Amino acid sequence: MRAPTPIPEQDAGHALPLLDIRDLTVEFATRRGTVRAVRHVNFSLAKGETLAIVGESGSGKSVTSYAAMRILDRAGRIAEGAVSFSGLDLRAAPEATMRDLRGREISMIFQNPRAALNPIRKIGKQIEDALLQHAQVDRAAAAGKAVAMLEQVRIARPRERYHAYPFELSGGMCQRVVIALALACRPQLLIADEPTTGLDVTTQKAVMDLLVELTRERGMSTILITHDLGLAAAYCDRVVVMEKGEVVESAGSETIFRHPEHPYTRKLMHATPRPGVTLRALLPEGSGEPRPAPASAPDVDRQPLLTVENLVKDYPRQGARGALSKLWRSEPVPESDSFRAVDGISFSIGRGESVGLVGESGCGKSTTSSLLMRLIDQTSGSIVFDGENIGDIPARRFAKMPLRRRIQMVFQDATDSLNPRYTAARAIADPILRLGNLSGRDAVRARCEELAGQVGLPLDLLDRFPHQLSGGQKARVGIARAIALKPDLVILDEPTAALDVSVQAVVLNLLQDLKDSLGMSYLFVSHDLNVVRLLCDRVIVMQAGKIVEQGPSKRIMVSPATDYTRELLAAIPHPPL
Amino acid sequence: MLATLGKRLATAIPTLIGVVIVTFLLTRVLPGDPAVYFAGPAATPQSIAEVRKSLGLDRPLPEQFLRYVGDLAHGDLGNSLSTGQPVVKELRSRLPASAELTLSGLLLSLVIAVPLGVLAAVRQGSWIDHICRIVATAGVSLPVFFTGLLLVYIFYFVLGWAPSPVGRLDAFATAPPSITGFYLFDSLLARDFESFRAALSQLILPAVTLAVFSLAPIARMTRASMLAVLSSDFVRTARASGLATRTVIVTYAFRNAMLPVITTLGMVFSFLLGANVLVEKVFAWPGIGSYAVEALIASDFAPVQGFVLAMAILYVALNLAIDVLYGVIDPRVRVDG
């Protein structure tokens, strides 16, 4: 073990910024030549300050922080500028010094916490690795310190969890472990790169509150990298807005939200869903005429399109004994062998109605949508679609029935749900070729082009492959594919979760327009009430497999009837407007 | 752990039953009539019919099969028609020879290929990466009999460093008392270092031949899986927490990268069992492969059936070992077990 590199005396009389980035330019060598991902970025961070770097994907906000820690991948390099940490020139520092600084003075939290942890090493051991590396403890005391860290990030039963592997923990729990790992050596600066993306709102709030509390307690400085303006406003002193590799605005968070100066900041603010704002108002001013809101309220008197009664779905518990070993051992099994994901829910969706299904991850909303899609079979209960009990039809058979055309889905991850070897046109044509009654190449192509027009996908993009399309374009392909067979019901499974706010605004509006013109019903599954209420007339709130509340979205947003819904609402961070 | 092992063993049983049926049928549909072959060139139809009767080949297939299974249950694989020896006895003496050769080859290639693959990935694009590519390409493009003959030509004929490439021991050494059947182990156990040296010097060339052949898949797989793991999020986390390069590469990257390599290893082992046949021919190695080929040419059922069955059992055992190893390395596998 190397002797720790001495850190220059901090705060020697004059107020030196903890981190100072001057004129930073980062280049990446790619096949198509050198790309400047970050250009002439300047900002500094005082001791104990919390700074947010806000921007959409590709704005260079992550690259800036990777450059500061010198953990860019091999293709990237700092081309110009200076990074200094407590007066130490990080660009010139030898690699060994950098290694000592990383984790001990500057640490980082990443998005996708489960992937950020070594899948085959016990989480306690991973924390120990960092502690031992920076000579914070000796080998004998390491385990105790690791357990203490787990306790500090509020992991229940830390002694037991020390021996857990990442796959045995939930996403929120994994993020706590990553935080414990980052804070274990008591660094002075913490860089959190989208620490809560992929976590649901209540977990996000818990993780962020914990993070703020721990960093404040230790007098640490924090950089929060996020695309979520609400999050930045709620937790940071100062905000730096980046666009296409450049800093466009930098100000205190109060100021920036009250008087955003740069048009890009204004555009971002505008597109962020917030209370009291209509769906149409999310679009930039002057982009298309605001269509009149559909006056026709859903016809409640008519027979509903879909009625669900007492729907139950049990899953066998992981690690439950198989049938074979049950034969061998006749002792009673102590724990119930199954896990009830959906626990007797009943609701209905009217024709032309949009219903939101909201809840934290693990509440059973995805299982419910799979059940309605007839991708899996329920344990009991009925699903009546347009007068026919489709719950009686096994999922296996349903795929080949004409009814399949009438219930379609838009998936959460626009990238992963497209076949990487199909062009956009082929992806859209897929359901037509399988279930549609169009024959002949020209007819199918014409229909694809018509659909592309409907979802606003430029026709020249139809022959591109998914990797050649942007996130928003891929989302459009996914939507075009779902509406290709003119379905009556479309299940939207967090269709905008992976999109930037401005793209999200456009896609949500597109969905609304499509619904108005095609007369479909939507079931919008999401964890974000603020997004759901933009699109939905009615909201169903689920918790632990049960429906805890349902009603008109306006009423639920204003006066929620249950504590759980209140908790969900309170967890959404808002810009101070 | 034991329950998992038992469960995996239980799933192997249908495979083995299938193998027994297929080997039986396969040898019956192979061209060539063993009765004609053994009756000799001057046979009359009557004598052929007699031979057929004595071999039990005149019976209907199901009856032949039942008899075959009955014999199997008693550990009787029949007698070889060409040598007259019981197949079990022959297999027992030849299998260790093949296993020793294959395992040494595999071990040798592991020792070279894994570090080579790791280095090639860590120093991607450097000279060591190019060496890795060249070695791997050369290794697969050379057929084993050619590599074998080349090695014999250079090290035995030209340089005279290697002993004559005939069998497992030279004429002056005596075989050690059989305990494991592996001469290297047995001679060490008997503290007979002279035999050990003799066995080792006979083993080196054929083992190298096999190693050259199996180098490529292992090195390439190690490199590819190392590269994938090195660019993963958790390696970035490890680097961001300032862990030493050695810890990052060994504890974080390498152990994760080993998972697909172990799977490849199982496949490479089975390729090697096949490649063995040629190597055994070139080096006059008294192994199971050359035995099976000779029997096949002679339409001699029993040894072929015995060979296929032995290979199948070996392969099942190997896969079981790999599954267990996987479970040891990867905690995620243990859950589904």
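Under a point spin-label approximation (7 Å from Cα along Cα-to-Cβ), what is the B:Thr15-B:Ile179 distance to one decimal in nm?
It works out to 3.1 nm between the two label points.
How long are the three semi-axes of the equivalent ellipsoid of the stretch B:185-337, in whole Å, if each is the root of 5 times an eigenvalue of the C-alpha gyration tensor, listed from largest down?
38, 21, 15
Could you let me know the centre-to-centre spacing of the stretch B:50-68 and the stretch A:66-97, using Cα atoms, in angstrom?
80
Using the charge dipole of chain B (Lys, Arg: +1 at Cβ; Asp, Glu: -1 at Cβ; taken about the Cα centre), state which of B:Gln124, B:Leu25, B:Ile112 has its Cα farthest towards the positive end.
B:Gln124
Provide a whole-number value for the mean count of partner chain Cβ atoms within 10 Å of the Cβ atoms in peptide A:159-168.
2
Sort A:195-202, A:304-311 by packing, meaning the average of other beta carbons within 10 Å per residue, with the highest value first.
A:195-202, A:304-311
Could you tell me what % of all Cα pairs in the stretch A:519-577 have separations over 19 Å?
When all Cα pairs of the stretch A:519-577 are counted, 26 percent exceed 19 Å.
Using Stokes-Einstein with the Kirkwood hydrodynamic radius over Cα pairs, what translational diffusion coefficient do you get for the stretch B:44-116 at 4 °C and a viscosity of 1.567 mPa s, in µm²/s rounded to a whole number?
Taking Rh from Cα pairs, D becomes 82 µm²/s.
Tell me, what ³J(HN,Hα) does each residue in the stretch A:139-150 have, in order and in whole Hz, if you take phi through Karplus 6.51 cos²θ - 1.76 cosθ + 1.60 with θ = phi - 60° and put x for Gly and Pro?
Calculated HN-Hα couplings, in order: 4, 5, 8, 4, 4, x, 5, 4, 5, 4, 5, 4 Hz.
Residue by residue through A:105-118, how many Cβ atoms from other chains fall within 10 Å of the Cβ on average?
4
So, by mean Cβ neighbours within 10 angstrom, what's the order for B:70-78, A:261-269, A:49-57 with the highest one leading?
The most tightly packed comes first, giving A:49-57, A:261-269, B:70-78.
How far apart, in nm, are two points set 7 Å out from the Cα along the Cα-to-Cβ line at A:Ala82 and at A:Asp416?
4.5
Would you work out the relative contact order for chain A, in percent, from Cα pairs under 8 angstrom that are 6 or more residues apart?
14
What full-extension length gain, to one decimal in nm, is calculated for B:Thr83 and B:Thr245 as 0.36 nm per residue of separation minus the Cα-Cα distance?
52.3 nm
To the nearest 0.05, how large is the calculated FRET efficiency for B:Ser47 and A:Arg434 if R₀ is 56 Å and r is the Cβ-Cβ distance?
0.30
For the pair A:Arg464 and A:Met401, what calculated FRET efficiency results from E = 1/(1 + (r/R0)^6), where r is the Cβ-Cβ distance and R0 = 25 Å, to the nearest 0.05?
After rounding to 0.05, the efficiency reads 0.15.
Looking only at the stretch B:43-69, which residues have a backbone nitrogen under 18 Å from a spot 7 Å from the Cα of B:Arg28 in the C-beta direction?
Output list for this probe position: B:52-69.
With 10 angstrom as the radius, rank B:Leu61, B:Leu215, B:Leu205, B:Leu189 by how many other C-beta atoms surround their C-beta, starting from the fewest.
Starting with the residue having the fewest Cβ neighbours, the order is B:Leu61, B:Leu189, B:Leu205, B:Leu215.
In nm, to one decimal, how far is the B:Leu200 label point from the A:Tyr315 one, both placed 7 Å along Cα→Cβ?
With each label placed 7 Å out from Cα toward Cβ, I get 5.6 nm.
For the stretch B:90-294, count the residues as N, evaluate 2.2 N^0.38 Å, and divide the Cα radius of gyration by that value, please.
1.17
What's the Kirkwood radius of the protein assembly as shown in Å, using all Cα pairs?
Taking every pair of different Cα atoms in the protein assembly as shown, averaging 1/r and inverting gives 33.0 Å.
Over the whole of A:185-193, what's the average partner chain Cβ count within 10 Å per residue? Rounded to a whole number, please.
For this peptide, the per-residue mean of nearby foreign Cβ atoms is 1.
Find the relative contact order for chain B and round it to a whole percent, using C-alpha pairs within less than 8 Å whose residues are 6+ positions apart.
The value is 26 percent.
Longest exposed-loop-site-free stretch of chain B, with chymotrypsin sites (Phe, Trp or Tyr not before Pro), DSSP loop and at most 13 other Cβ within 10 Å?
Longest run free of exposed loop sites: B:173-337.
How big is the C-alpha Rg of the stretch A:113-186 next to the rule-of-thumb value 2.2 N^0.38 Å, as a ratio?
Dividing the Cα radius of gyration by 2.2 N^0.38 Å gives 0.96.
What's the exposure ranking of B:Leu142, B:Leu210, going from fewest to most Cβ atoms within 10 Å?
Going from sparsest to densest Cβ surroundings: B:Leu142, B:Leu210.
What are the equivalent ellipsoid semi-axes of the stretch A:474-565, built from the alpha-carbon gyration tensor (square roots of five times its eigenvalues), in whole angstrom, biggest first?
For the stretch A:474-565, the semi-axes come out at 25, 14, 12 Å.
Determine, for A:Tyr235, A:Tyr422, the number of other Cβ atoms within 10 Å of each Cβ, and report the residues in order from fewest to most.
A:Tyr422, A:Tyr235
No lab work stands behind these numbers, since they all come straight from the coordinates. These numbers were taken from a predicted model, which means no experiment stands behind them. Note: ideal-geometry Cβ built from the backbone for every residue, glycine included; neighbour counts use all protein chains shown.
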